[in-house]
Structures are given as structure tokens and as C-alpha cells.
Amino acid sequence: MISVSRVWSCNEWDPLEEVIVGNPLGARFPTADPSTRLAEFPDRRLEEIPQGPFPERIIAETEEDLEAFIAALTGLGITVKRPDTWPHEARFSTIHWESRGYYNYCPRDLLMVIGDQIIETPNVIRSRAQESFSYRALMIDYLRSGARWYSAPRPMLLDSLFDVDLSRPTPRNEEPAFDAANVLRLGRDLIYLVSSTGNELGGQWLQTILGETFRIHFLKDVYYGSHIDSTFVALRPGLVLCNPARISAETLPGILKQWDVIYSPPMENTDRYDADYLSKSIGSEWIDMNLFSIRPDLVVVDRDQTALIRLLEKKRLDVIPLKLRHSRMLGGGFHCVTLDIRRRGALQRYFD
């Protein structure tokens, strides 16, 4: 008897049926080493990078906000799974370096779903080298249901990988290294951001795994600060939301010029952070643009972004307004803290 995989997701907008939501418990700042500096704090010396566990209040409030998010999802009939709580304070090592863990708040960074495939990516930050183990029970379950499960070559993450110009921070092409959140899924076309969390060799490896039926489109020399999902949000076929601080008509990827392109208004309520909070924050001021699609006509958006909500409603999208109070501190909005496991739809090509 052939199993029917519970895993199926080809884009960012098809109707959602099952999702993993992250777990902030036990979260810590990533170990201060060259990988963390490149990916998260390129403007800091190692000794200036915040260390230790995130404050208990931030963890508790984040879990409260995630529970409200989960309640909204389950109220729509969506199945929600969560990773195990992991001992991020434990030390681990290779023969070249030693580290402690980070968090499993952002499943979007570690794992990528392409059709019925789940791909574990070769993450750039050493503190994340064992993070995928907190998803292992879920991965075994999906494998048994018929999903195809791959893992990228485990990166060595040597110091030399991060010996780069920190004004243009990108891991050297010594080995494939990238986060899943460097990739925007558009059916058979994927946009791959070359940035501080993904080198060009990583995109080349991904192309070899996916084969000729998929096309990787590289986005280079546009935005170096981490992931793609606060730069582009694909809302439905033919409509994409862009970050005006990073993308212009000149830098817009060629395939997206076939679509209706809208630009986000400035972020609101940014004055809720004081200087000390900002000095420890991992996310950018645009993190609240990081929205999550339930279906092509329904999205979850930060409730304080009233101008963005009006823009989306003008484009005939309904909005569920929720809040992640510490999205900037932890570096993850609603898209970051989710991994859509199953969406109802077909694998298509949306571009010429």
C-alpha cells in the first residue's frame, strides 16, 4: 500500500492545512563567534555581541503571542505541530569549534518544503548546527507518511568561511551554506537571496537537488542582512509585496516584473523599543512586514501595521491582525515562526 504524504506545499499562498509553529522556550542568543557576527551582527566586534539566555519575560510573552496565533489557526481548522523544547544551553562541538544552541523559534530557517520534499538546509550559524534535532520526531512522522526527506551536506563552518568584507557580508563559496528562509517559493520558480545567511554555492547545490523542472533565480547585491521574507512577500499569483528600502524597479527580479508589485508603507509603532532593547535585537525595523498567508485571500499581519493592512485590504485580502511583541528582539515575524507543511494546491509555473 502506497502512503499518501502529509507533506505538500509549493508556494507561499495556497490554502493552508498543516503548519509547524516555532517554540521559544529555552532560547538563547547565538554564541559569539565569526558565524554569528556575519549572520546577525556584522557591525559588532565579537565581545559586543549579546550573550546568554533571552530574558524570561520576553520568552513568556512570546509564547503567549504564539498561543494566540495557534488558536487563530486551529479555529480555521488548520493542524498545528510544534518542535520539541530543546536544551539550547548545552555545549556541543566539532573538531574545529565549540558552541551552545540558539533557539527553535523560527522553523522557516531550518527546513524547506518543496512539493512533497522536506529539505534540511546547511545553516550558516554554528549555534544552529543541532537545531533540526528538535524537529526529528515530526520529520520521522512525515517520512512515514510518504514524504521525501533530504539533508544538505553538513557544513564544516570553518572560520575561513566567514573571513569576508563585513560591509558586504556573504559566506565565502568554500561549501554550500544557506538558510531555508533565503528562498522564496513561487511554484517551479524560486528566488534565492545571496546574503549573510546564504552563499551562491548553496543556491547551486539546491538547483542540483531540485533538477531541471525548477529554476533558481539568484538575487545578488541587493540586501545582505539575512533572509528574504521581509524583502518580498508573495501574496497570490500575480501579486507581490516588496520592501521599499531594499527593492526598486531597477533591482526587482526580472520574473516579478510580470506581476503587480506593491510596496509596503513604513513600519508603525517602532518607538515601542528603547535603546537597550534595540542593542540586543536581531531583527530589522522591517520585521513586522513579515506576514503569513493562510490562503490567497487571507493573511496574518502585525496588528499595529494599520497602513499595510489598508493596502492589503485594498488588494482584496482579508487580514487577521495579531501581534508578536518581540519579533524584533528574536528576529522572527509570522512567516519566520511557521513552516507550512501542507497547502491545498498544485505545483505550477507562474512565469514565462
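Collect the residues in region 1-43 that are in a loop (DSSP other than H, G, I, E, B) and touching a Pro at 6+ places or on another chain (Cβ under 9 Å), keeping them in residue-number order.
Taking region 1-43 and keeping what is in a loop (DSSP other than H, G, I, E, B), we get 1-7, 10, 12-15, 22, 24-27, 29-33, 41-43.
Trp13, Asp14, Pro15, Gly22, Gly26, Ala27, Phe29, Ala32, Phe41, Pro42, listed by residue number.
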Query raised in the report: Which numbered condition trips up Leu241, out of (1) at pLDDT 95 or above; (2) under 20 Å from Val113 (Cα atoms)?
Result: (2)
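Give region 184-204 a look and list any residue that's of a type in the set (A, V, I, L, M, F, W, C) and touching an Asp or Glu at 6+ places or on another chain (Cβ under 9 Å), or say none. If you could, list the steps in order and put the result at the bottom.
Our first condition is that a residue be of a type in the set (A, V, I, L, M, F, W, C); within region 184-204, this holds for 184, 186, 190-191, 193-194, 201.
Within region 184-204, Leu184, Leu186, Val194, Leu201 meet the criteria.
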Query - Residues (open to solvent by less than 10 Å² (accessible area, probe 1.4 Å) and within 13 Å of Ser264 (Cβ to Cβ)) located in region 307-336 - result: Leu308, Leu312, Gly333
**Report entry** Selection status of Thr74, without any contact (Cβ under 8 Å) to a residue 12 or more places away in the chain and in contact with a strand residue (DSSP E or B) (Cβ under 7 Å, 6 or more places away or on another chain)
**Finding:** yes
Report task. Among the candidates Leu161, Leu190, single out the residue that is closer than 25 Å to Phe214 by Cα and either of a type in the set (A, V, I, L, M, F, W, C) or open to solvent by 10 Å² or more (accessible area, probe 1.4 Å) (or both). Result -> Leu190
**Report entry** Hits in region 150-196 (condition: closer than 14 Å to His227 by Cβ, assigned to a loop (DSSP other than H, G, I, E, B) and among the β-branched types (Val, Ile, Thr))
**Finding:** Thr170, Val194
**Report entry** Qualifying residues in region 217-251 (those that are open to solvent by 20 Å² or more (accessible area, probe 1.4 Å) and hydrophobic (A, V, I, L, M, F, W, C)) - the one farthest from the chain's Cα centre (by Cα)
**Finding:** Ala249
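Kindly indicate the residue of region 1-28 that is among the polar types (S, T, N, Q) and touching a helix residue (DSSP H, G or I) at 6+ places or on another chain (Cβ under 8 Å) and also surrounded by the fewest Cβ atoms within 10 Å (Cβ to Cβ) among those meeting that condition.
Applying the first criterion (among the polar types (S, T, N, Q)) to region 1-28 yields 3, 5, 9, 11, 23.
Filter once more, so that each one left must be touching a helix residue (DSSP H, G or I) at 6+ places or on another chain (Cβ under 8 Å): 3, 5, 23.
On the way: Ser3: 10, Ser5: 19, Asn23: 22.
Among those residues, the one meeting the criterion is Ser3.
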Query raised in the report: Quick check: is even one residue across region 127-136 crowded, with 19+ Cβ neighbours inside 10 Å, modelled with pLDDT of 95 or more and farther than 15 Å from Ala27 by Cα?
Result: yes
Query raised in the report: When only residues in region 268-306 that are open to solvent by less than 50 Å² (accessible area, probe 1.4 Å) and among the acidic types (Asp, Glu) count, which is farthest from Thr197 (Cα to Cα)?
Result: Asp304
Report task. Test Asn173 against the stated conditions and say whether it is open to solvent by 10 Å² or more (accessible area, probe 1.4 Å) and not aromatic (Phe, Trp, Tyr). Result -> yes
Requested in this report: Return the pairs, sorted by first residue and then second, in which the second residue is among the aromatic types (Phe, Trp, Tyr), the first residue lies in region 84-111 and is closer than 18 Å to Phe29 by Cβ, the beta carbons are less than 6 Å apart, and the residues are 6+ apart or on different chains.
Outcome: Asn104/Trp86
Query raised in the report: Just to be sure, is Asn182 within 21 Å of Arg128 (Cβ to Cβ), touching a Leu at 6+ places or on another chain (Cβ under 8 Å) and surrounded by fewer than 21 Cβ atoms within 10 Å (Cβ to Cβ)?
Result: no
Query raised in the report: Residue check: is Asp352 acidic (Asp, Glu) and open to solvent by less than 10 Å² (accessible area, probe 1.4 Å)?
Result: no
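Just the residues that are in a helix (DSSP H, G or I) and open to solvent by less than 20 Å² (accessible area, probe 1.4 Å), please, taken from region 71-114.
Taking region 71-114 and keeping what is in a helix (DSSP H, G or I), we get 71-75, 107-110.
Passing the criteria: Leu73, Pro107, Arg108, Asp109, Leu110.
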Query raised in the report: Can you tell me how many residues in region 29-48 are surrounded by fewer than 20 Cβ atoms within 10 Å (Cβ to Cβ) and touching a strand residue (DSSP E or B) at 6+ places or on another chain (Cβ under 8 Å)?
Result: 1
Report task. Among the residues of region 45-66, write down those that are outside any loop (DSSP other than H, G, I, E, B) and either farther than 20 Å from Phe334 by Cα or in contact (Cβ under 8 Å) with a residue 12 or more places away in the chain (or both). Result -> Leu46, Glu47, Glu48, Pro53, Glu56, Ile58, Ile59, Glu61, Thr62, Glu63, Asp65, Leu66
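The values are calculated or read from the model by the stated rules, or taken from the named source; none is laboratory data. As the structure is a computational prediction, the values presented were derived from the model and not from experiment. No Cβ is skipped: glycine too gets one built from the backbone with ideal geometry, and neighbour counts run over all protein chains shown. Quick note on the areas: whole protein, heavy atoms, side chains included, nothing else; ligands and nucleic acids left out. Shrake-Rupley method; radii C 1.70, N 1.55, O 1.52, S 1.80 Å.
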